[in-house]
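Read through the structure below, which is laid out as structure tokens, and then see the notes.
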Amino acid sequence: MDADKITFGQGLTMVEVQYEKIGADLQVVITAGKAHVGATALAVPCQTTAEGVTASVSVMTAPGHRDDIVAGKAALELCKALRCNVCATAGLHIDHATQDEIMTLVYNAKESINILIKKLKEE
């Protein structure tokens, strides 16, 4: 993937988000630790209401993985903010991760997406 990237966090829990515009749409890959494909989500804007854009999200998860939480949330937030189709793939893994490390990975992924939204809105 010939993409731009941003990172957030440090050490084992640093999250990297690679992103590429594909026409009017967006592809993102969110990884940390041992990068892999754990889940992919596709978010499509449905309609604009007084509260903002609504979106439909479909998620596919590899058996035994929990990356759907990060992929689905990233696709939804990016789609609503940028009003385009978004495909988000996530693969975050730390061997023998503690609950605190897992929570930090999820937080870092969320903050990475917030940074990406801000960056893309400024372009």
Would you mind stating whether VAL44 is open to solvent by less than 70 Å² (accessible area, probe 1.4 Å) and more than 10 Å from the chain's Cα centre (by Cα)?
-> yes
When restricted to ALA32, ALA43, the only residue within 17 Å of LYS80 (Cα to Cα), part of a strand (DSSP E or B) and at pLDDT 95 or above is ALA43
Candidate set: segment 16-28, residues that are part of a strand (DSSP E or B) and either open to solvent by 50 Å² or more (accessible area, probe 1.4 Å) or touching a Cys at 6+ places or on another chain (Cβ under 9 Å) (or both); chosen: the one farthest from ILE115 (Cα to Cα) | ILE22
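Please specify each residue of segment 60-88 satisfying the condition of being in contact (Cβ under 8 Å) with a residue 60 or more places away in the chain and either in a loop (DSSP other than H, G, I, E, B) or in contact with a helix residue (DSSP H, G or I) (Cβ under 6 Å, 6 or more places away or on another chain) (or both). Before you say what the answer is, go through the steps one by one.
Taking segment 60-88 and keeping what is in contact (Cβ under 8 Å) with a residue 60 or more places away in the chain, we get 84-88.
Across segment 60-88, the qualifying residues are CYS84, ASN85, VAL86, ALA88.
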Do we have VAL53 as at pLDDT below 95, among the hydrophobic types (A, V, I, L, M, F, W, C) and open to solvent by less than 40 Å² (accessible area, probe 1.4 Å) here?
-> yes
What number of residues within segment 69-123 are crowded, with 17+ Cβ neighbours inside 10 Å and hydroxyl-bearing (Ser, Thr, Tyr)?
-> 3
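The values are calculated or read from the model by the stated rules, or taken from the named source; none is laboratory data. If you're wondering where the values come from, they're calculated on a predicted model, not measured in any experiment. Using ideal geometry, Cβ is built from the backbone for each residue, glycine included, and neighbour counts are taken over all protein chains shown. Just so you know, the surface numbers come from the protein's heavy atoms only, side chains and all, with ligands and any DNA or RNA stripped out. Shrake-Rupley method; radii C 1.70, N 1.55, O 1.52, S 1.80 Å.
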